[in-house]
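Worksheet for the structure shown next.
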Ligand SMILES: [Zn+2]
């Protein structure tokens, strides 16, 4: 069995890229059993969808690319920081 910390890492990895099926299953099962990780995963997916929304909004606004990048970066930082406790 993986530790919560590892599951959290996997959950964030999953946002970036597709994980093997067996690992996704393992994460899913852990999330069903572990309240803390479940709550964290929910938060993370909420932030992720906010980020996507933000990206959509930004693409319709004619902001300079560096500014978009900066905003995206600070969002990602916030996501990572919340996983570092
Ligand atoms: Zn857990």
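Of all residues in segment 22-54, how many are more than 16 Å from the ligand (Cβ to nearest atom) and exposed (fewer than 11 other Cβ atoms within 10 Å of the Cβ)? Residues that pass the stated criteria total 5. Among the residues examined, residue 57 does not qualify as out of contact with any strand residue (DSSP E or B) (no Cβ under 8 Å at 6 or more places or on another chain), exposed (fewer than 14 other Cβ atoms within 10 Å of the Cβ) and in contact (Cβ under 8 Å) with a residue 60 or more places away in the chain.
Filtered by the rule that a residue be surrounded by fewer than 15 Cβ atoms within 10 Å (Cβ to Cβ) and either outside any helix (DSSP H, G or I) or modelled with pLDDT of 95 or more (or both), segment 7-21 gives 17, 18, 20.
The values are calculated or read from the model by the stated rules, or taken from the named source; none is laboratory data. Keep in mind that this is a model prediction, so the values were computed, not measured. For neighbour counting, all protein chains shown are included, and Cβ atoms are generated from backbone atoms with ideal geometry for every residue, glycine included.
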